[in-house]
Amino acid sequence: MSKRLLLVGAGHAHLEVLKQLTEHGLPDVDVCLITPSPYQYYSGMFSGFTEGIYTEEDTRVDLRPLTKRARVQLIQKTAVTIRPEQKKIICHDGSVYPFDAASFDIGSRSLPESVEHTAAQSIKPNYLFTERMKDLRETPQPLIVGGGAAGTELALSIQAYKNMHQRPGQVRLVTSGPLLPDTPKWVRARMKHILKKKGVRVWEDEEVKAVTDSSIETSRGNKIRHTGVLWLGGAVGDAIFTRAGLDVDDRGFAFVSRTLQFKNYDYLFGAGDCVTLETDPDLPKSGVYAVRQGPVLWENVKNFFHHQPLETFVPQKNALYILSTGDRKGFLIYGPLHTHNHKAWQLKHKIDREFMAKYK
């Protein structure tokens, strides 16, 4: 009798699992992918789309031919509940899917509950991003909340679009701490200089306390007007894990071991932004690590069904980041090293194109 593997979400690591299933298969295991959209959008190309370099088609993988080649059943639904003891997943429409093993790669949320019913919007779910960005970049005073990699990159990309297409207005960026908080001081100073030179107005060390339809209020008492808010102020875990009573960190991300298995449930796996490594709890939520987890996740899911020893994921000490800053220039950061030029963007473009080509 065949077993069942459920893949929940189509993030970076699960795309690799689908590719491996296409090439090698998993005998005597029925595999299903549960995800709400027939497309998986690649966040690494969001800045290029925003600036107008990439088309929407460039930024997404069509899951229908990919799952067909992998002999995986595509279920276009949203998983909302896990019953780990009963080995069942329940979707938004009440449908129930039993499993022998399940893997989660559903990303994170960036919109906190306190601003869910305000003018603030998120890049999640990512299949709504392109339409939201088409509207936001045309407005005169778009405001980005969050000074991390995603916030700074998209602020620069919107400003580059405005400058290129002669759209009036200025992008505004508000961050509760310093820009690029996980980088050395001189890297942060360089990013601040780039933002200023490109025309983005920045407020640092100001937490957003309230959002209205036309302005935000900050912890320093500033009232900053906007014509649209994109909230990138820090990742939050999906509520599906806390609802299930699974072991999560203080932001709601499920804990996994280095074998990418959930704590106390060896038949639950997780990768990407939706989980936190117990051994490396401060690891940034970045696609850089999710891509590296993909091959390990595949081997471990396969070995779980074959009753073979599992591999461990050990994150690299320094990860390469290249942020698009507009006009086909990139800000490359690798540990304490950084540079800002066209060659950095060309390298990012090459990496992103090659990643997408693997799954199309």
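Normalise the Cα radius of gyration of the range 148-287 by 2.2 N^0.38 Å (N = residues in it) and let me know the number. Can you show the working numbers first?
Numbers: Rg = 18.4 Å, N = 140, 2.2 N^0.38 = 14.4 Å.
Normalised by 2.2 N^0.38 Å, the Cα Rg of the range 148-287 equals 1.28.
Using the Cβ-Cβ distance between ALA189 and ASP62 with R0 set to 41 Å, the FRET efficiency works out to roughly 0.45.
Tell me the Kirkwood hydrodynamic radius of the range 42-131 in angstroms, computed as one over the mean inverse distance between distinct C-alpha pairs. Could you put the intermediate results ahead of the total?
Details: mean 1/r = 0.0626 Å⁻¹.
Kirkwood radius, the range 42-131: 16.0 Å.
Estimated from helices alone, the mean residue ellipticity of the chain at 222 nm is -9000 deg cm²/dmol (sum of -39500 (n - 2.57) over DSSP H runs with n ≥ 4, per residue). Measuring against 21 Å, Cα to Cα, the residue pairs LYS198/LYS223; LYS19/LYS302; LYS88/LYS360; LYS162/LYS198; LYS197/LYS317 contain LYS198/LYS223; LYS88/LYS360; LYS197/LYS317 as the ones spanning a longer distance.
Just how far, in whole angstrom, is the range 40-90 from the range 149-221 if you go by their alpha carbon centroids? About 29 Å separates the Cα centre of the range 149-221 from the one of the range 40-90. The charge dipole of the range 180-275, taken about its Cα centre with unit charges on the Cβ atoms of Lys, Arg (+1), Asp and Glu (-1) only, comes to about 780 debye.
Mind checking the dipole of the range 91-148: about its Cα centre, +1 per Lys or Arg Cβ, -1 per Asp or Glu Cβ, Debye to the nearest 20? Intermediate values should be presented prior to the final figure.
Values: 5 positive and 8 negative charges, 54 e Å.
The calculation lands at about 260 debye.
Taking other residues whose beta carbon is less than 10 angstrom from the beta carbon of ARG172, and scoring Lys, Arg as +1 and Asp, Glu as -1, yields +2.
Full-extension gain between ALA357 and HIS24, please, as 0.36 nm times their residue separation minus the C-alpha to C-alpha distance. List each step's numbers first, then the result.
Details: separation 333, 0.36 × 333 = 119.88 nm, distance 1.89 nm.
Full extension from ALA357 to HIS24 adds 118.0 nm.
Computed log10 I(q)/I(0) for the chain at 0.09, 0.10, 0.15 Å⁻¹: -0.50, -0.62, -1.34, from the Debye equation with unit scatterers placed on every C-alpha and solvent omitted. Spatial offset of the range 1-31 relative to the range 248-275 amounts to 18 Å, using the alpha carbon center of each.
Counting Lys and Arg as +1 and Asp and Glu as -1 over every other residue whose Cβ lies under 12 Å from the Cβ of THR183, the net charge comes to +3. Extending 7 Å from the Cα toward the beta-carbon at both SER2 and ASP247 defines two label points whose distance is 3.4 nm. Dipole of the range 217-360 (Lys/Arg Cβ +1, Asp/Glu Cβ -1, origin at the Cα centre): which of GLY252, THR279, GLY234 lies farthest to the positive side? Projecting each Cα onto the dipole axis, the largest value belongs to GLY234.
Would you mind calculating the gained length between ASN264 and ASP327 on full extension (0.36 nm times residue separation, minus the Cα-Cα distance), in nm to one decimal?
Details: separation 63, 0.36 × 63 = 22.68 nm, distance 4.88 nm.
Roughly 17.8 nm would be gained on extension.
Highest average first, the peptides 339-349, 147-157 ordered by how many other beta carbon atoms sit within 10 Å of their residues are 147-157, 339-349. Once you treat every alpha carbon in the range 281-360 as an equal point and sum by Debye, what is log10 I(q)/I(0) at q = 0.16, 0.23 Å⁻¹? The Cα Debye sum returns log10 ratios of -0.75, -1.11. Shown is the FRET efficiency for ARG225 and PHE305, computed with R0 = 51 Å from the Cβ-Cβ distance and rounded to the nearest 0.05: 0.35.
D for the range 225-360, whole µm²/s, Stokes-Einstein with Kirkwood Rh over alpha-carbon pairs at 25 °C and 0.890 mPa s: what number?
Numbers: Rh = 17.2 Å.
D, rounded to a whole number, is 143 µm²/s.
Any read-out appearing in this document is the output of simple, stated calculations on the displayed coordinates, not a laboratory observation. Nothing here was measured: the structure is a model prediction, and the numbers come from that model. Positions of Cβ are backbone-derived with ideal geometry, glycine not excepted, and every protein chain shown enters the neighbour counts.
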